[in-house]
Amino acid sequence: MKFVSILMGSKSDYSVMEECAKTLEKFGVLHELVVSSAHRSPERTHQYVKNAEAKGAKVFICAAGMAAHLAGVVASLTTKPVIGVPMKGGVMEGLDALLSTVQMPGGMPVATVAIGSAGAVNSAYLAMQILAIDDEELAAKLKEDRILKAKKVETDSMGIES
Ligand code: RP5
């Protein structure tokens, strides 16, 4: 069973990452969402990644805030694509998490998206674009979504053009 795995460092990340799960649901993409911390539950994180990969996880999405090491740790445990979503919070409102997530050493990539809500949604889109490489049905849905987005820009403009 092919699916996207979403890990969050804390339950407190759920209100934002719910948007990632909802985006995948909108396109009918199977996913699993769990809380597991790089720091508070390292063994659970290791076990989960190994089991998820064996069960069919094709892409991992990892959300964490503050000293955000979750995506990096997951990247160390799998060669599947890992997408990191920095969460707001901490003294730097997510900039700390962004830098922790994006600054991976060479050879250990984490595809890092924007802080917070836009990043949560984009992590879902990026995961789907990866899956769509060999899934024509999903690729067609993503193309249709782009067309709808372009149409909405035109409609929005019509409403206020002067
Ligand atoms: C990170 O620390 C989590 O991903 C969360 O964004 C942040 C704060 O966690 P809590 O103290 O709310 O559990 O590990």
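Observations on the structure shown:
- Diffusion constant of the chain at 37 °C, which comes from Stokes-Einstein with the Kirkwood Cα-pair radius and 0.692 mPa s, µm²/s: 203 µm²/s
- Built amide H within the under 5 Å cut-off of Leu33, gap 5+: Ile6
- For Ala114, distant residues with modelled amide H under 5 Å away: Gly119
- Ranked packing of 70-77, 151-158, most packed first, by mean Cβ within 10 Å: 70-77, 151-158
- Of the cross-linked pairs Lys26/Lys55; Lys26/Lys151; Lys11/Lys141; Lys55/Lys152; Lys50/Lys143; Lys58/Lys143, those separated by over 28 Å at the C-alpha level are Lys11/Lys141; Lys55/Lys152; Lys50/Lys143.
- Every pair of different Cα atoms in the stretch 3-76 enters the Kirkwood calculation, which places the hydrodynamic radius at 12.3 Å.
- Residue among Glu53, Glu137, Glu43 with the largest mean-square fluctuation in a Gaussian network model of the chain, springs linking Cα atoms under 10 Å: Glu137
Throughout, read-outs are computed from the coordinates displayed, never taken from laboratory work. If you're wondering where the values come from, they're calculated on a predicted model, not measured in any experiment. For neighbour counting, all protein chains shown are included, and Cβ atoms are generated from backbone atoms with ideal geometry for every residue, glycine included.
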